[in-house]
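So the structure is just underneath, and the comments pick up after that.
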Amino acid sequence: MNESQPALDTLHHVETPEGVELSLRVAGLPARALAFAADIFVRSVFYTVAAIPIGIGFGAAAGGLIFMIFALGEVIYPVAFELLGDGQTLGKRMVGIRVVHADGTRIRWGASLLRNLLLFADMLPGTYMFALASMLASRGFRRLGDHAAGTLVIYTEAKAQPQPRTAASDPAPPALPLALDEQAAVLAFGARSAAFSAARREELAALATPLLRAGAPATPQLEAVAAHLRGAGRAR
């Protein structure tokens, strides 16, 4: 189902501490409503199956016991699946979406518990109008629980997107002889720079100041040295 891209979906951009820029495709109302309906169906089947033996075996106490199972199930089911299933309940897995922290990291138990407890506030005034209003007013389509817990619901295929790069520079030898570990560092930069944001690439390349011409962008210069080292390695 996650091939379809509802018009109400958008992108949420995050830059990690390592400088890798993530583009997370946020799930909009249609996908989230479908996952929510699927989860309601799953829980309803469980409650129905559980109620039959409880009603037979517990007599007058059955009503209270069933209510307790219902109340616990409404919280335990989503929290357990989000923690053990990489942010996915069964319904979310069917639709191809999952819950993450706003910085793109895997959801932790505190945030999962908070967002699911506040689902009862999102239900008010009995028609999920608070949740709907919050999602429509939020760029990340967050309901009240998502705002409080700092979470997003995204499509599972969201991955790090390599950032646009300038045209490859012609190989250029280093201005100074390089030790083996220095050559390895330059080659590693050349191999991984596509995963960094442009600002992070320039920041890292600038660390190689002795190899660079002053007043010129550092990234293409260091990539040119990396290209030269790769060519020299193949020649050997």
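The values are calculated or read from the model by the stated rules, or taken from the named source; none is laboratory data. The shown structure was predicted, so the numbers you read here are calculated from the model rather than taken from an experiment. FYI the Cβ positions are ideal-geometry reconstructions off the backbone, even for glycines, and counts take in every protein chain you see.
Looking at the stretch 42-76, which of the residues that are touching a Leu at 6+ places or on another chain (Cβ under 9 Å) and in contact (Cβ under 8 Å) with a residue 24 or more places away in the chain is nearest to Leu113 (Cα to Cα)?
Val75
In the stretch 141-177, which residue that is at pLDDT below 85, in a loop (DSSP other than H, G, I, E, B) and in contact with a strand residue (DSSP E or B) (Cβ under 8 Å, 6 or more places away or on another chain) is farthest from Gln221 (Cα to Cα)?
Applying the filter and picking the extreme gives Glu157.
Out of the residues in the stretch 105-131 meeting the condition of being among the hydroxyl-bearing types (Ser, Thr, Tyr) and crowded, with 16+ Cβ neighbours inside 10 Å, tell me which one is farthest from Leu29 (Cα to Cα).
Top of the filtered list is Ser112.
What do you reckon, is Glu182 modelled with pLDDT of 80 or more and either closer than 19 Å to Arg25 by Cα or under 32 Å from the mean Cα position of the chain (by Cα) (or both)?
no
Here is a yes/no grid of residues against (1) surrounded by 12 or more Cβ atoms within 10 Å (Cβ to Cβ); (2) aromatic (Phe, Trp, Tyr); (3) modelled with pLDDT of 80 or more; (4) under 18 Å from the mean Cα position of the chain (by Cα):
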{"position": "Gly19", "(1), (2), (3), (4)": "yes, no, no, yes"}
{"position": "Ala35", "(1), (2), (3), (4)": "yes, no, yes, yes"}
{"position": "Pro53", "(1), (2), (3), (4)": "no, no, yes, no"}
{"position": "Ile56", "(1), (2), (3), (4)": "no, no, yes, no"}
{"position": "Gly59", "(1), (2), (3), (4)": "no, no, no, no"}
{"position": "Leu83", "(1), (2), (3), (4)": "yes, no, yes, yes"}
{"position": "Gly91", "(1), (2), (3), (4)": "yes, no, yes, yes"}
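So Leu132 fits all but one of (1) among the hydrophobic types (A, V, I, L, M, F, W, C); (2) part of a helix (DSSP H, G or I); (3) at pLDDT 95 or above; what number is the exception?
(3)
If you scan the stretch 171-217, which residues turn out to be charged (D, E, K, R) and over 28 Å from Val14 (Cα atoms)?
Of everything in the stretch 171-217, those that are charged (D, E, K, R) and over 28 Å from Val14 (Cα atoms) turn out to be Asp181, Glu182, Arg213.
Limited to the stretch 192-214, what total is found for residues that are closer than 16 Å to Ala172 by Cα and assigned to a helix (DSSP H, G or I)?
Here the count works out to 5.
What are the residues in the stretch 190-214 that are modelled with pLDDT under 75 and out of contact with any helix residue (DSSP H, G or I) (no Cβ under 9 Å at 6 or more places or on another chain), if any?
Listed by number, the residues that qualify are Ala195, Ser197.
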